[in-house]
1. For the range 75-89, name all the residues that are in contact with a helix residue (DSSP H, G or I) (Cβ under 8 Å, 6 or more places away or on another chain) and more than 10 Å from residue 21 (Cα to Cα).
2. Can you find a residue that is modelled with pLDDT of 95 or more and within 14 Å of the chain's Cα centre (by Cα) anywhere in the range 47-67?
3. Can you confirm whether the range 52-65 contains a residue that is without any contact (Cβ under 8 Å) to a residue 12 or more places away in the chain and under 16 Å from residue 96 (Cβ atoms)?
4. Give the residue that is nearest to residue 84 (Cα to Cα), with candidates limited to residues of the range 29-50 that are in contact with a helix residue (DSSP H, G or I) (Cβ under 6 Å, 6 or more places away or on another chain) and in a helix (DSSP H, G or I).
5. Kindly provide the set of residues from the range 1-25 that are within 19 Å of residue 82 (Cβ to Cβ), in a loop (DSSP other than H, G, I, E, B) and either out of contact with any helix residue (DSSP H, G or I) (no Cβ under 8 Å at 6 or more places or on another chain) or touching a residue at least 60 places away in the same chain (Cβ under 8 Å) (or both), ordered by number.
6. How do the pairs read when you match residues in the range 87-106 that are at positive phi with residues anywhere that are modelled with pLDDT under 60 and part of a loop (DSSP other than H, G, I, E, B), using Cβ under 9 Å and keeping only pairs 6 or more apart or on different chains?
């Protein structure tokens, strides 16, 4: 299962996303809520984002308070993304660049 993370401006937004995921059948032990640390890459390790890609997310650290990590096979990564985005979360996944990155990511067949 591919871990998916969501970076949220408030802990409350993250908790609402977590609650929605639970209502869709994701088990509570398949989600983990953590505070954004000073060094954001320490959070991104939990979603298997390599250090060289983690630097792309550094601009998003400012003003964000919490990260929700989801490790489940009950929903597809795209379904998880939809829930996270519905609650104002920035989706974090391995090999997926953040929205403002000027970095081309690998083609899907190379992932």
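1. Answer for the range 75-89, where residues must be in contact with a helix residue (DSSP H, G or I) (Cβ under 8 Å, 6 or more places away or on another chain) and more than 10 Å from residue 21 (Cα to Cα): 86, 87, 88, 89.
2. First, the residues of the range 47-67 that are modelled with pLDDT of 95 or more: 66-67.
If we keep only those that are within 14 Å of the chain's Cα centre (by Cα) too, we end up with 66-67.
So far as the range 47-67 goes, yes, one or more of its residues are modelled with pLDDT of 95 or more and within 14 Å of the chain's Cα centre (by Cα).
3. Yes: one or more hits.
4. Across the range 29-50, the extreme among qualifying residues is 44.
5. 1, 2, 3, 9, 25
6. 95/105; 95/106; 95/111
The values are calculated or read from the model by the stated rules, or taken from the named source; none is laboratory data. Everything quoted here is computed from the prediction, not taken from an experiment. Counting neighbours? That spans all protein chains shown, and the Cβs are built from the backbone with ideal geometry, glycine included.
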